[in-house]
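The values are calculated or read from the model by the stated rules, or taken from the named source; none is laboratory data. What you see is a predicted model, and the numbers here were worked out from it, not measured in a lab. Please note: Cβ atoms are built from the backbone with ideal geometry, for glycine as well, and neighbour counts cover all protein chains shown.
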Amino acid sequence: MALIERLYLDPSLRGEETAERIIKAFSPLEAKVKGGEEIKREVMLQADDPLTKGKKILLLSPYPGPLVKRCPGTKGYICCGYKVINLLVNCPMDCSYCILQSYLNNPYIVLYPHFEKIFSEVKVMIEGAPEGRILRFGTGELSDSLALDEEIGFSQEAIPFFSSLEAILELKTKTARVGHLLKLPHGGKTVISWSLNPPKVVREEEHLTARLEERLMAAKRVQEAGYPVGVHFDPIIPYPGWQEDYLRLIDALFSHLDPQGVIWISLGTFRLTPALKGIVRERFPKSGILLGELLPAEDGKFRYLKPLRIDIYRKMYQWLRGYGDDLFIYLCMERGDVWQEALGYTPRSTKGLVEMFDERVKGFWRRWP
């Protein structure tokens, strides 16, 4: 199944070198020259479900503002200090729980093919960082980092670029498309990360993604190529039998990977905005993710009750610790009291977590590969 079926080029990018190269990589598709507003009107008028239709449409477009930004995080919750590279907006895969469904303005995928601008902004951020800080950048917040990467070619330029910097590039994915990365000079500065869930969740909620076994095999391949590997158990979705399934998932993970080569592991439970709740009901009527007891929290999102989240994190933490006391495990968007009760410690603040990441990365570089 082709991930992209319709390709468009904004008129202002006609003749631009990077844009023309990307268009050739999607051959035999031919790019039509058309602006975003016109495409939006067509999709909204012609499709019963514009979000589904738009996932097979790619527009190459200019972007006048900064392409590298600080992750906004969530007020009152501990954030990891991530830097977001806005290369792609929207994703060709279709996870029922994806937050992008509720706030994207356009029902199609947008690519901003300004690689040199991105690299320039990265350098400026690194130069302005406090001494000793290891900035972490990623392309996986508004799209999947690798789903279209082989055709777009960003990582083929970005990985060698980061290899000489005192910084980290993280590529987050639910695919197994890693063959084009294996021989690139990465210098241990690029982390390839996978979002993982048990087969039941992959099958029922993570549509158009790679199967769990395919992701694990891909992770093994990049680790053997010397890349640090990251793991994101996020969102964790409890259901009858979830404990057995997630424990089997952790066992499967470390049957494929050397724990010493896993740079970090995040834990986060399912949460959603009020707007997303209605979208999930409409687009995924067979989904079971809304069956849990989700209540409004202080950040405006629906979350599981705190005692349930703590129980989930505590179990996951204990199971993971069975594969190494030195695994770096952190919580995504939780308060300090949840950290303390679930993991037995807390970074207390975003600044504290950022400092923990700095020390982890420096120590990891000294010993891996």
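Listed by first and then second residue, the pairs with beta-carbon distance under 8 Å, at least 6 apart or on different chains, first residue in segment 4-18 and closer than 15 Å to GLU37 by Cβ, second outside any loop (DSSP other than H, G, I, E, B) and basic (Lys, Arg), are TYR8/LYS32; LEU9/LYS32. Of all residues in segment 179-200, those satisfying the criterion of being in contact with a Gly (Cβ under 9 Å, 6 or more places away or on another chain) and hydrophobic (A, V, I, L, M, F, W, C) are VAL191, ILE192, TRP194. Scanning segment 176-200 for residues that are touching a helix residue (DSSP H, G or I) at 6+ places or on another chain (Cβ under 8 Å) and within 22 Å of ARG248 (Cβ to Cβ) yields ALA176, TRP194, LEU196, ASN197, PRO198, PRO199, LYS200.
Among the residues of segment 240-252, is there at least one that is buried (at least 17 other Cβ atoms within 10 Å of the Cβ), within 19 Å of the chain's Cα centre (by Cα), farther than 30 Å from ARG366 by Cβ and of a type in the set (Ser, Thr, Tyr)? Scanning segment 240-252 turns up no residue that is buried (at least 17 other Cβ atoms within 10 Å of the Cβ), within 19 Å of the chain's Cα centre (by Cα), farther than 30 Å from ARG366 by Cβ and of a type in the set (Ser, Thr, Tyr). Total residues in segment 271-281 satisfying the condition of being farther than 17 Å from GLU204 by Cβ and free of Cβ contacts under 8 Å to residues at least 40 places away in the same chain: the figure is 3. Only one entry of ARG360, ARG281, ARG309, ARG303 meets the criterion of being over 23 Å from the mean Cα position of the chain (by Cα) and either in a helix (DSSP H, G or I) or buried (at least 19 other Cβ atoms within 10 Å of the Cβ) (or both), and that entry is ARG281. All of LEU272, LEU295, LEU253 fail the test of being at pLDDT 95 or above and of a type in the set (A, V, I, L, M, F, W, C), apart from LEU253.
Select from segment 198-239 the residues that are assigned to a helix (DSSP H, G or I) and either touching a residue at least 60 places away in the same chain (Cβ under 8 Å) or in contact with a strand residue (DSSP E or B) (Cβ under 6 Å, 6 or more places away or on another chain) (or both) and write down the one among them that is surrounded by the most Cβ atoms within 10 Å (Cβ to Cβ).
Within segment 198-239, the first condition is being assigned to a helix (DSSP H, G or I), and the residues that meet it are 199-205, 212-224.
Narrowing the set further to residues that are either touching a residue at least 60 places away in the same chain (Cβ under 8 Å) or in contact with a strand residue (DSSP E or B) (Cβ under 6 Å, 6 or more places away or on another chain) (or both) leaves 204-205, 215, 219, 222-223.
Working: GLU204: 17, GLU205: 23, ARG215: 23, ALA219: 26, VAL222: 24, GLN223: 20.
That would be ALA219.
Yes or no: LYS55 more than 29 Å from ALA297 (Cβ to Cβ), among the charged types (D, E, K, R) and touching a strand residue (DSSP E or B) at 6+ places or on another chain (Cβ under 9 Å)? It would help to see each step written out before you state the result.
Working: more than 29 Å from ALA297 (Cβ to Cβ): yes; among the charged types (D, E, K, R): yes; touching a strand residue (DSSP E or B) at 6+ places or on another chain (Cβ under 9 Å): yes.
Yes; evaluated as a whole, the condition is true for this residue.
Taking the condition aliphatic (A, V, I, L, M) and assigned to a strand (DSSP E or B), does VAL43 pass? Criteria not met by VAL43. When PRO28, PRO64 are checked against the criterion of being free of Cβ contacts under 8 Å to residues at least 12 places away in the same chain and either within 22 Å of PHE119 (Cβ to Cβ) or assigned to a helix (DSSP H, G or I) (or both), a single residue qualifies: PRO64.
The numbered conditions (1) in contact (Cβ under 8 Å) with a residue 40 or more places away in the chain; (2) surrounded by fewer than 21 Cβ atoms within 10 Å (Cβ to Cβ) are all true for PRO72 except (1). Mind listing whichever residues of segment 217-244 are closer than 30 Å to THR52 by Cα, of a type outside the set (Phe, Trp, Tyr) and touching a Phe, Trp or Tyr at 6+ places or on another chain (Cβ under 8 Å)? ALA218, ALA219, GLY230, VAL231, HIS232, PRO235, ILE236, ILE237, PRO238, listed by residue number. Give segment 101-152 a look and list any residue that's hydrophobic (A, V, I, L, M, F, W, C), assigned to a loop (DSSP other than H, G, I, E, B) and under 24 Å from ILE39 (Cβ atoms), or say none. Passing the criteria: LEU104, LEU142, ALA147, LEU148.
Which of the residues that make up segment 177-194 are surrounded by fewer than 22 Cβ atoms within 10 Å (Cβ to Cβ) and within 20 Å of PRO92 (Cα to Cα)?
Hits for segment 177-194 are ARG177, GLY179, HIS180.
Taking the listed residues GLU127, GLU166, the one that is free of Cβ contacts under 8 Å to residues at least 40 places away in the same chain, closer than 24 Å to GLU355 by Cα and surrounded by fewer than 19 Cβ atoms within 10 Å (Cβ to Cβ) is GLU127, with no other qualifying.
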